Amino acid sequence: APTPEQEGQINFQSSDSLVFVLDTSRTATLYGSASVSHSAGQLKAGKVSLNLDQNLVSADTQTPEDTLSKPVLIRDNDEVRSNRIDFNYETEKGRFEVARVSVQDGNITGTRVKKTGPNVIFLEDAIYSTCTLDHPHYYIKADRMKVVDEEKVFFERARLFLLDIPYPLVFPFGYLPGKFDRKQ
């Protein structure tokens, strides 16, 4: 994949087509194995739209049933997979819809996911599990989780689930040690 040669440069490619709309919204949309690279990171998906006025890239699948081209945001060898990603490459903040984040020995999945800076991710209705299955046998489900500095996971109002059966105790807050997997 092409990488930006200088700060602020954007490189993009796709296997199908590139459509520009310059009269009203100044957008470019790439279809088919789309990829947008910037010094802030790389976004891959079935379809990627780039709003030049708002410095915003939005990614989703070309069709709802296409699960193979779900968006992936790659930054500093970290990956966040989601059903939809909106990422501002100037502020480096993003919003994710049903994202899955890999941490050491586990995964965190959540809805209403926001990346508020290079090292902070907020997740609502979040599930953390060391079980690697898409539907884990055991997990901690929390109203909110926060991943900080790529190694700390904090949560509010959490409950342990075993085989989807809730443990009767609710933890008002908690902390999970961990580190983001560095994919080589």
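Points worth noting:
- Surface per residue (accessible, 1.4 Å probe) for the chain, Å²: 58
- Computed FRET value (nearest 0.05) for Arg75 with Leu52, which takes r as the C-beta separation and R₀ as 30 Å: 0.90
- Mean Cα-pair separation over length for the chain, i.e. relative contact order, pairs under 8 Å, 6 or more apart, %: 11
- Given the choices (1) 124; (2) 201; (3) 101, volume of the Cα convex hull per residue in Å³ derived from the coordinates of this structure is entry (1).
- Dipole-positive endmost among Gln54, Ser37, Ala126 within the chain (Cβ charges, Cα centre): Ala126
- Among the GluC sites (Glu not before Pro) in the range 33-123, those located in a DSSP loop and surrounded by at most 15 other Cβ atoms within 10 Å of their own Cβ are Glu65, Glu90.
- Val72 exposes around 10 Å² of accessible area when a 1.4 Å probe is run over every protein chain in place.
- Surface composition of the chain: carbon plus sulfur atoms hold 51% of the accessible area, using a 1.4 angstrom probe and ignoring ligands, DNA and RNA.
- For the chain, built as a Gaussian network whose Cα springs stay under 10 Å, the top-fluctuating residue of Ser17, Ser49, Ser25: Ser25
- GNM result for the chain, Cα springs below 10 Å: residue of Asp53, Asp16, Asp125 fluctuating most strongly: Asp53
- Overall form of the range 11-97 per C-alpha gyration tensor (a/c, 1.5; a/b vs b/c): oblate
The values are calculated or read from the model by the stated rules, or taken from the named source; none is laboratory data. Since the structure is predicted, the reported quantities are computational estimates derived from the model, not experimental observations. In this analysis, Cβ positions are derived from the backbone assuming ideal geometry, glycine residues included, and neighbour counts consider all displayed protein chains. In case anyone asks, the SASA skips ligands and DNA or RNA and just uses the protein heavy atoms, side chains included. Shrake-Rupley method; radii C 1.70, N 1.55, O 1.52, S 1.80 Å.
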